[in-house]
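S.K.: Following this message is one structure expressed as structure tokens.
The values are calculated or read from the model by the stated rules, or taken from the named source; none is laboratory data. Given the structure is predicted, the values throughout are model-derived calculations rather than measurements. A quick note on method: Cβ atoms are made from the backbone with ideal geometry, for glycine too, and the neighbour counts reach across all protein chains shown. All accessible areas refer to the heavy atoms of the entire protein, side chains included, with ligands and DNA or RNA removed. Shrake-Rupley method; radii C 1.70, N 1.55, O 1.52, S 1.80 Å.
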Amino acid sequence: NQGKPMPKVVSKKTAGYYTSGSAIRRMFEEGLKLKSLHGADNVCDLSIGNPQFDPPGVFLEALGKIASEKGPHAYMPNAGYPWVRERVAAHLKERGFFDTITADHIVMTTGAAGALNIVMEAILNPGEEVIILRPFFLEYRFYIEAHGGVIKFADTDSDFGLDVGAVESTIGERTRAIIVNSPNNPTGRVYPADSLEQLSAMLERVSAERGDPVYLISDEPYRDIIFADMPFVSPASKYRNSFMCYSWSKAFCVSGERIGYIAINPEMDVDSLELLAGSLAMCNRYLGFVNAPALMQRVIAEALDASIDVSHYEMRRDRLRVALDDGGYDYAEPEGAFYFFVRTPENEKEFIDRARRHLLLVVPGSDFGRTGYFRISYAAPLETIDLACEKLKAIAAEINPTGQAVLT
Ligand code: PLP
């Protein structure tokens, strides 16, 4: 092939995403490299949010039982098994999210990523805008742009809480939707009921003024990993023109199994629920997901009420908090999920490089749209957390040997 130009197989967009957009995965791969060079025990990889803990016993029992039974493994309706959708709807009703929800409002999906992509594909006309709140989960960019949407950013407040004024000033004629993620990746913040009510009131008012709803897409895969004293309030329950995107990836530690759902708020202003739900199912089909995994749907239907133990996350969070406080770091208190979003005590890039030299892998804030921070994922073994605590303190001492306030 010498001298011949390489065929340009990959589209410019995808090549751009590949080279610029996969920072967390790149770091994950770098972690593997560092582990092979320095020994796995010496490297603290707190970059990726991929919980490797055991799924709940109820899930494992259901999986064992169903896997050994004769049972259907073939295609089913694109929205999922009707009886599974009925159970999910009943579960959402029992948990108080939606009083009038039925199976007709549920589409089973391949995790929250599948759910978000389906909603985007179903609602976006080319060039329509979707608002995301900074800092944000990196993948939203792909989910929006893959379906012809344009991203608009609204900043959260100084504690990463909702800034309803900032959202309102971002809404324009082409705004179609806003994505809200609580508990939040990367900040761990959980939005309280009152700020969600303010957001909802603003969206209602703006939607009425425009004569066209702004939809709210509630991305809530972390809703069962919550330490706040307040109960979790779903952003989707507070605003009628909303879609709830849920996944068991995080709560059940089954991110590789790809199972979740979309719930359409039953109070949504729709001419035809059949058209909306049918279109979501159609997108499941033509985006190539076809349907959520059959086996997982059947297992999940039996494990819906499994209780989730978050005490091991809480323990990790508390240990890291002590180390961060000892090192003089500045961060917003995480109330859910399994992340800390911490201000870097020096220039972000210098800090990330310094951390890497200490064999500590964390994700730069700029990957989430907020420069000057780093994200810690504490979905990691306890030994890794303990070692990371030592490293965080050593790094702080190195940056500021006198122990004076190190913050910029
Ligand atoms: N939304 C957020 C905020 C996430 O952090 C993730 C995964 O990390 C997802 C969605 C996608 O999760 P799933 O595995 O359910 O597709």
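S.K.: Rounded, prolate or oblate: which fits the range 112-151 when a ≥ b ≥ c are the square roots of the eigenvalues of the alpha-carbon gyration tensor, with rounded for a/c under 1.5 and prolate only if a/b beats b/c?
M.R.: Details: a/c = 2.06, a/b = 1.20, b/c = 1.72.
Note, shape of the range 112-151 comes out oblate.
S.K.: So what is the accessible area of the range 277-408 per residue, in Å², with the probe set to 1.4 Å?
M.R.: About 39 Å² of surface per residue is accessible.
S.K.: Per residue, how many Å² of accessible area does the range 80-142 show with a 1.4 Å probe?
M.R.: 35 Å²
S.K.: How big is the accessible area of K13 in square angstrom, nearest 10, if you roll a 1.4 angstrom probe over the protein chains?
M.R.: Rounded to the nearest 10, that gives 100 Å².
S.K.: Kindly sort Y261, Y286 by accessible area of their heavy atoms, largest first, with the probe set to 1.4 Å.
M.R.: Y286, Y261
S.K.: Right, something else. Heavy atoms of the protein only, probe of 1.4 Å, neighbouring chains included. What is the accessible area of I48 in Å², nearest 10?
M.R.: We get 40 Å² for I48.
S.K.: Let me ask you something else. Work out, step by step, the length gained on full extension between L275 and S366: first 0.36 nm times the residue separation, then minus their alpha carbon distance; give nm to one decimal.
M.R.: Here the answer is 28.8 nm.
S.K.: Nearest 5 percent is fine: what portion of the DSSP beta bridges confined to the chain is antiparallel?
M.R.: So the antiparallel bridges in the chain amount to around 45 percent.
S.K.: Now for a different question. Treating only the Cβ of Lys, Arg, Asp and Glu as charged (+1, +1, -1, -1), what charge dipole size does the chain show about its Cα centre? Round to the nearest 20 debye.
M.R.: Value, rounded to 20: 1580 debye.
S.K.: I've got another one for you. Compute the helix-to-body angle for 294-303: its Cα long axis versus the longest principal axis of the chain, expressed 0 to 90° and rounded to tens.
M.R.: Around 80 degrees separate the two axes.
S.K.: Distance between the C-alpha centers of the range 255-289 and the range 85-142? Whole Å please.
M.R.: 7 Å
S.K.: So what is log10(I(q)/I(0)) for the chain at q = 0.09, 0.10, 0.14 1/Å, when the Debye sum runs over its Cα atoms only?
M.R.: After summing over all Cα pairs, the log10 values are -0.57, -0.71, -1.31.
S.K.: Ignoring ligands and nucleic acids, what accessible area does S20 show with a 1.4 Å probe (Å², nearest 10)?
M.R.: That residue has around 70 Å² of solvent-accessible surface.
S.K.: Starting at the first residue of the range 321-326, write each ³J(HN,Hα) from the Karplus equation 6.51 cos²θ - 1.76 cosθ + 1.60 with θ = phi - 60°, in whole Hz, x for Gly and Pro.
M.R.: 4, 4, 5, 5, 5, 4
S.K.: Expected output is a single nm value to one decimal: the length gained when fully extending between T19 and D353, i.e. 0.36 nm times separation in residues minus the C-alpha distance. What is it?
M.R.: Gain on stretching T19 to D353: 118.3 nm.
S.K.: Give the angle, between 0 and 90 degrees and rounded to the nearest 10, that separates the Cα long axis of helix 82-94 from the longest principal axis of the Cα atoms of the chain.
M.R.: The answer is roughly 70 degrees.
S.K.: Within 9 Å, Cβ to Cβ, of S249, how many net charges do the neighbouring residues add up to if Lys/Arg are +1 and Asp/Glu are -1?
M.R.: +1
S.K.: For V164, V322, write out the residues from largest to smallest accessible area, computed with a 1.4 angstrom probe and no ligands counted.
M.R.: Ranked list, largest accessible area first: V322, V164.
S.K.: When Lys and Arg each count +1 and Asp and Glu each count -1, what net charge do the other residues less than 9 Å away from G149, Cβ to Cβ, add up to? It would help to have the intermediate numbers written out before the result.
M.R.: Values: positive: R176; negative: E128, E129, E145.
Neighbour charge sum, excluding G149 itself: -2.
S.K.: Follow-up. Given charges of +1 on the Cβ of Lys and Arg and -1 on the Cβ of Asp and Glu, with all other atoms neutral, how large is the dipole of the range 75-218 about its Cα centre, in debye to the nearest 20? If you can, show how the numbers build up before the last one.
M.R.: On the way: 12 positive and 20 negative charges, 84 e Å.
With only Lys, Arg, Asp and Glu charged at Cβ, the dipole is about 400 debye.
S.K.: Another question, if that's okay. Carbon and sulfur atoms: what percent of the 1.4 Å accessible area of the range 1-135 do they account for?
M.R.: 55 percent
S.K.: Separate question: For N50 paired with D159, estimate the spin-label separation in nm (one decimal), with each label point 7 Å from Cα along the Cα-to-Cβ line.
M.R.: Each label point is offset 7 Å from its Cα along the Cβ direction, giving 3.5 nm.
S.K.: For the chain, modelled as a Gaussian network with Cα springs under 10 Å, which listed residue fluctuates most, Y81, Y191, Y18?
M.R.: Highest fluctuation of the listed residues: Y18.
S.K.: Further, regarding this structure: What residue among R210, R298, R87 shows peak mean-square fluctuation when the chain is described by a Gaussian network model with Cα springs under 10 Å?
M.R.: Per the Cα network of the chain with a 10 Å cutoff, R210 tops the list.
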